[in-house]
Every structure is written in C-alpha cells, then in structure tokens.
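Student: Here it is, the structure in full.
The values are calculated or read from the model by the stated rules, or taken from the named source; none is laboratory data. Only a predicted model underlies this, so the values are computations on that prediction, with no experimental measurement involved. In this analysis, Cβ positions are derived from the backbone assuming ideal geometry, glycine residues included, and neighbour counts consider all displayed protein chains.
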Amino acid sequence: MHDVEVLRCTWSADCSWCTFDYHVETLCDLPLLSNLGAIWCLYSGVNAIVEHIEWLQALLAPFYKATGKPCLTKADINALRKPLAALKQALLDVKLLYVPPPGAPLVLCTDAAGAGVGAMLLAQCSEDPNDLAPVCYFSHAFGSKQGRKHSTWHEACAVYKAIMFFYLYLDGCINLRIETDCGIVVSLFSHKVLNDADPLAQFKLGLTELGVKKQMIVHCHSID
C-alpha cells in the first residue's frame, strides 16, 4: 500500500500520520509573537480545539494572560519564547491524532472571533457517543476587512470553511454533527433570503451544495 495524501495529510500503511495540515505544520516557522494582535490571532485560531485536547488549555494560558496587558514589554515577549516553543511542539506531535475507520460517526466543532476561525474534526471511537478523539484540525486568520464583519458572519464562515477544508473526510458522510455556539448559524437553513448579496444566504447555498443538511448543525455552549 502506498502513502496517500488526504487534506495535506500523509496516510501511511502502518496507520500513522507523517505530516498534516499545512496551517499547523508552518508553526515550525512561526516567529515569536511580538504584539497583542498576533497573540489574539493565535488564541482564536485554536480555541475550538481546547475542549478536546486536555493539555492545550494549559499551553495557551501564558498567551491568554498576556492579552490582559495594555501592551507587551520586551520582557513579556521574551517570557513567551518557551511557551511558544512548547505549543508548537505539542501541535506538531502527530501521536495525538486518531485514524477513524470508514463509516465512523464524525463531529465537527467550529469557533470564531474577529481574529479568525478554528475547527476540530473528531470521530466517535467506541459505541459511546461521547467517546470522541481528534482526527485533524485547522485555523484561518481573517484580514482586517473580514475581521470587522458581524460575529454571526464569523461563525457562519467558520462552519463553511471547516466543511470545505475537511470535505474529503465529510463527502458522503451521513452521520455528521456540526457544533457551533451561534444560534443564528444553527437556524441558517431557515434563513430568508433578502437579496443576492445577503452573506448568510451565500453561506446557506454553499453548505447546501456541499451536502450539509439542516439537521446536521446543532448548538453547543461556547468555550470560555
């Protein structure tokens, strides 16, 4: 059996991931975070993952603490060197990923903020529906124009981009649950189209074309 690339992940015959998700892989080259905006972008991008990887909350704690300051001093920046190195190493540790068998129920968790979106794809790994393991994840940073859009747009965009990114996993999957903490996104398929430029209508059309059904999107509580 030859190695096969799926979603920028290399699937090998011995059921291991050699490399995955170029957004995560490039963390190796991520420079030291030098301002609060960069820290918020990092924090927002992985916030959807926090609930499902126990050690991640602790690794994000130094960055979250730094966002409470009005600005960063040189000493503050230097103090983040080791936490950033630890975070990079942990995110690049492929042993945490689970390889789901064909037909396994999938859960897609999304989150968004003005800085960007994050998503985690999980698979049910036993008969217990709460026994979920992370399969893959990604983050996407917004530009300044997108970052100023309404929070509902951010949350709808998170779902759409996540479906696009993980589509090779999700294509044909009928046992899929998409979790969002935005009630308006949950009712997106009931949204009345106001005009052709209506952004929520565009997301609704895009998700429909990708095979997403109304009953797949469910509400979950936000992660603090």
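Student: Scan region 11-32 and tell me whether some residue there is modelled with pLDDT of 75 or more and part of a helix (DSSP H, G or I).
Tutor: no
Student: Right, here's the next one. Give region 93-107 a look and list any residue that's more than 16 Å from residue 56 (Cα to Cα) and in a loop (DSSP other than H, G, I, E, B), or say none.
Tutor: Across region 93-107, the qualifying residues are 98, 99, 100, 101, 102, 103, 104, 105.
Student: Shifting gears a bit: Pick out the one residue from 151, 144, 187 that is over 21 Å from residue 100 (Cα atoms), polar (S, T, N, Q) and in contact (Cβ under 8 Å) with a residue 24 or more places away in the chain.
Tutor: The conditions single out 151.
Student: Which helices (runs of 4 or more DSSP H) sit wholly inside region 108-224 and have at least 2 residues that are surrounded by 11 or more Cβ atoms within 10 Å (Cβ to Cβ) and in contact with a helix residue (DSSP H, G or I) (Cβ under 7 Å, 6 or more places away or on another chain)?
Tutor: So the answer is 151-165, 183-186, 199-209.
Student: Only residues that are in contact with a strand residue (DSSP E or B) (Cβ under 7 Å, 6 or more places away or on another chain) and closer than 22 Å to residue 201 by Cβ: list them for region 141-164, please.
Tutor: Result: 142, 154, 155, 157, 158, 159, 161, 162.
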